[in-house]
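A quick write-up on the structure given underneath.
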Amino acid sequence: MSDITEDTVRHLANLARIALTPDEVTRLTGELVAITAAVESVNKVATPDVPATSHPIPMENVWREDVVADELSIDEALSGAPDHDGSRFRVTAILGEEQ
């Protein structure tokens, strides 16, 4: 059985500076009791012989060699741009006048 009471929920809400109605306190108390019960059931299954996993399929990073290659010139980079000023891409401002 969980030690979560309505007083506990009110205390936590106060610490988090969250205003809760009496109905919300009652509802959240039940939800938190159910959540802690679910966690307790997982803890029963998570024994030392069960390895911890973060993903169901073993994964590893795929690395490639960092090889220096020919870089684009400014003209080549800007050749497909819809608008540029000769050395930079020109885009529509997305921020207001406060820039």
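All of the numbers you see were taken from the coordinates with simple rules; none came from a lab. Being a predicted model, the structure only gives us computed values, none of them experimental. Cβ sites come from the backbone with ideal geometry, for glycine too, and all protein chains shown count toward neighbours.
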Residue that is surrounded by the fewest Cβ atoms within 10 Å (Cβ to Cβ) [pool: residues in region 1-19 that are assigned to a helix (DSSP H, G or I), free of Cβ contacts under 8 Å to residues at least 12 places away in the same chain and under 25 Å from the mean Cα position of the chain (by Cα)]: 15
The conditions are (1) surrounded by fewer than 10 Cβ atoms within 10 Å (Cβ to Cβ); (2) part of a helix (DSSP H, G or I), and residue 66 fails exactly one of them. Which is it? (2)
Has region 20-36 got at least one residue that is part of a loop (DSSP other than H, G, I, E, B) and surrounded by fewer than 10 Cβ atoms within 10 Å (Cβ to Cβ)? yes
Pair list, Cβ under 8 Å, 6 or more apart: region 73-84 residue of a type in the set (A, V, I, L, M, F, W, C), other residue surrounded by 10 or more Cβ atoms within 10 Å (Cβ to Cβ) and part of a strand (DSSP E or B): 78/84; 78/89; 81/89
